[in-house]
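I have placed the structure first, in the form of structure tokens, so that the comments after it can refer back to it.
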Amino acid sequence: MTAHIIDIALDPEAALAEALAVLGEGYPVAIPTETVYGLAADATNPAAITRIYETKGRPRFNPLICHMANLAMAERYAQFDPLSRRLAQAFWPGPLTLILPVRDDSGIHGLATAGLDTVGIRVPKGFAALLIARFDRPLAAPSANTSGKISPTSAAHVAEDLGDRLRLILDGGDAPVGVESTIVRVDDGRIRLLRPGGVSAEAIEAVSGIAVLRPDGPSATIEAPGMLASHYAPGAAVRLNATEAQADEALIRFGGQPLAGVDQAIAIFDLSPSGDLAEAATNLFATLKRADASGATRIAVAAIPDHGLGEAINDRLARAAAPRD
Ligand code: AMP
Ligand code: MG
């Protein structure tokens, strides 16, 4: 099987029609979202969800985010408390996932929620939301990559990794946000950050007027399964907080920082020469892939500021550098 790739901009109607046909037959489709490319399938169809896990080689205890066309549709599948609803109104469509109690009659299959009584929900921007509205069922969609590898921010990345295991890839150009959604859970009027992502904690605090609580202790592991292991791993080793480049390394820096030994590096990349964290997030995964392809045995990454989208960037880098099993 070799995936058919359709450029959405060239033929949006064909993209929609073909995607609806493949989804309706219970197969996954790779689709662009503003965060990264997703591997989307019918969240109510167990065979379709099983194909997502099989295609990615993803552990089944790791629940999938279910994507909705809009807030009204989301309310049919999950129970919103007032604060979660306020966050949804402020940030949807966009890169925010809310963990909410799933409705008993929702039809979302337990394979998508990994058997939990909650569901992770978000409303994506653009073509993905249109597709879901036409399909009129939620789409479970993790990132469209082999489990544990770097997430794809272009259709070409998806094709390289999964092209021979998929029927259809929709090409919507480069993903503008570049990192996955922020995941939060509201309980007792508190907002807990389960995964930093494309919406900064500061933005959530500005909208809600409530401090965002960071995960602490082992409960975070249970709450957001699959979040702490090695992930986003390039082939090369990753060395963080580099203050200099060593021989045989590819160097990734930020904001034009001056670093010693750059002439020893095999390749040098700057996530954002102007020091813009949103731009750095957009470029992160593609830059990791290019650094990996440079032939370096190790990728050295200079310190990235930890505020705003820097929190999501540092989270992904820490997992790219984590020991692998
Ligand atoms: P992704 O790999 O981007 O699809 O992200 C899915 C992540 O969302 C999972 O690894 C979980 O950490 C989190 N998630 C999804 N659903 C739930 C849920 N019901 N409860 C807690 N975390 C969830
Ligand atoms: Mg992923």
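The values are calculated or read from the model by the stated rules, or taken from the named source; none is laboratory data. Owing to the predicted nature of the structure, the values given are computational and were not obtained by experimental measurement. Counting neighbours? That spans all protein chains shown, and the Cβs are built from the backbone with ideal geometry, glycine included. Each accessible area value is taken on the protein alone, full model and side chains, heavy atoms only, with ligands, DNA and RNA left out. Shrake-Rupley method; radii C 1.70, N 1.55, O 1.52, S 1.80 Å.
Pull out all pairs, ordered by first then second residue, where Cβ-Cβ is under 7 Å, the residues are six or more apart or on different chains, the first lies in segment 141-167 and is free of Cβ contacts under 8 Å to residues at least 60 places away in the same chain, and the second is open to solvent by 40 Å² or more (accessible area, probe 1.4 Å) and within 9 Å of ligand 2 (Cβ to nearest atom).
Note: pairs meeting the criteria are ASP161/LYS149.
Does segment 252-269 hold any residues that are under 29 Å from the mean Cα position of the chain (by Cα) and charged (D, E, K, R), and which are they?
If the condition is that a residue be under 29 Å from the mean Cα position of the chain (by Cα) and charged (D, E, K, R), then ARG253 is the only one that fits.
Hey, among SER147, SER151, which residue is near ligand 1 (Cβ under 10 Å from one of its atoms), assigned to a loop (DSSP other than H, G, I, E, B) and farther than 21 Å from ILE6 by Cα? Give the steps one after another, and end with the answer.
Values: SER151 fails: farther than 21 Å from ILE6 by Cα.
Answer to the check: SER147.
Pick from VAL119, VAL102: which is more than 16 Å from ligand 2 (Cβ to nearest atom), within 18 Å of ARG195 (Cα to Cα) and not aromatic (Phe, Trp, Tyr)?
None of the other options fit; the residue is VAL119.
Among (1) in contact with a strand residue (DSSP E or B) (Cβ under 6 Å, 6 or more places away or on another chain); (2) part of a loop (DSSP other than H, G, I, E, B), there is one condition ALA300 misses while meeting the rest; what is its number?
Going through the list (1) in contact with a strand residue (DSSP E or B) (Cβ under 6 Å, 6 or more places away or on another chain); (2) part of a loop (DSSP other than H, G, I, E, B), ALA300 breaks only (2).
Within the bounds of segment 117-124, is there any residue that is in contact with a Gly (Cβ under 9 Å, 6 or more places away or on another chain), farther than 30 Å from GLU13 by Cβ and touching a residue at least 60 places away in the same chain (Cβ under 8 Å)?
Residues of segment 117-124 in contact with a Gly (Cβ under 9 Å, 6 or more places away or on another chain): 122-124.
Pick out the ones that are also farther than 30 Å from GLU13 by Cβ and you get none.
No.
I'm told LEU87 meets every condition in (1) in a helix (DSSP H, G or I); (2) under 21 Å from SER200 (Cβ atoms); (3) open to solvent by 10 Å² or more (accessible area, probe 1.4 Å) except one. Can you identify the failing condition by its number?
Result: LEU87 fails condition (3) only.
Which one of SER230, SER294 is hydroxyl-bearing (Ser, Thr, Tyr) and open to solvent by less than 30 Å² (accessible area, probe 1.4 Å)? Before you say what the answer is, go through the steps one by one.
Values: SER294 fails: open to solvent by less than 30 Å² (accessible area, probe 1.4 Å).
That would be SER230, the only listed residue that is hydroxyl-bearing (Ser, Thr, Tyr) and open to solvent by less than 30 Å² (accessible area, probe 1.4 Å).
Applying the selection to segment 131-144, what residues are surrounded by 17 or more Cβ atoms within 10 Å (Cβ to Cβ) and away from ligand 1 (no atom under 12 Å from the Cβ)?
Taking segment 131-144 and keeping what is surrounded by 17 or more Cβ atoms within 10 Å (Cβ to Cβ), we get 131-132, 135, 137-144.
Scanning segment 131-144 gives LEU131, ILE132, PHE135, ARG137, PRO138.
Find the residue count for segment 243-275, including only residues that are free of Cβ contacts under 8 Å to residues at least 12 places away in the same chain and in contact with a Gly (Cβ under 9 Å, 6 or more places away or on another chain).
Adding up the residues that qualify gives 0.
Being touching a residue at least 60 places away in the same chain (Cβ under 8 Å) and open to solvent by 20 Å² or more (accessible area, probe 1.4 Å) is the filter here; which residues of segment 90-107 pass it?
Those that are touching a residue at least 60 places away in the same chain (Cβ under 8 Å) and open to solvent by 20 Å² or more (accessible area, probe 1.4 Å): ALA90, PHE91, ILE99, GLY107.
Provide a single number: the residues in segment 50-69 that are away from ligand 1 (no atom under 13 Å from the Cβ) and surrounded by 24 or more Cβ atoms within 10 Å (Cβ to Cβ).
Within segment 50-69, residues that are away from ligand 1 (no atom under 13 Å from the Cβ) and surrounded by 24 or more Cβ atoms within 10 Å (Cβ to Cβ) number 1.
Among residues belonging to segment 19-49 that are part of a loop (DSSP other than H, G, I, E, B) and aliphatic (A, V, I, L, M), point out the one that is farthest from ligand 1 (Cβ to nearest atom). Walk me through how you get there before you give the answer.
To start, the set of residues in segment 19-49 that are part of a loop (DSSP other than H, G, I, E, B) comprises 25-28, 32-37, 43-45.
From what is left, the residues that are aliphatic (A, V, I, L, M) are 36, 43.
Numbers: VAL36: 8, ALA43: 11 Å.
Among them, the one singled out is ALA43.
Show the residue pairs that are 6+ apart or on different chains and have beta-carbon atoms under 6 Å apart, the first residue being within segment 176-190 and over 13 Å from LEU213 (Cα atoms), the second being in a strand (DSSP E or B) and not hydrophobic (A, V, I, L, M, F, W, C).
Cβ pairs passing all conditions: SER181/THR97; SER181/ARG122.
What's the total number of residues in segment 154-185 that are open to solvent by 20 Å² or more (accessible area, probe 1.4 Å), within 16 Å of ligand 1 (Cβ to nearest atom) and over 21 Å from ALA321 (Cα atoms)?
Here is the first cut: in segment 154-185, the ones open to solvent by 20 Å² or more (accessible area, probe 1.4 Å) are 156-157, 159-161, 164-165, 167, 171-174, 176-177, 185.
This time we only want the ones that are within 16 Å of ligand 1 (Cβ to nearest atom), so: 157, 161, 177, 185.
Imposing the further condition that a residue be over 21 Å from ALA321 (Cα atoms) reduces the set to 177, 185.
Of the residues in that region, 2 qualify.
Assuming THR287 fulfils every condition listed in (1) within 16 Å of ligand 2 (Cβ to nearest atom); (2) part of a helix (DSSP H, G or I) apart from one, which condition is it?
Just one mismatch for THR287, condition (1).
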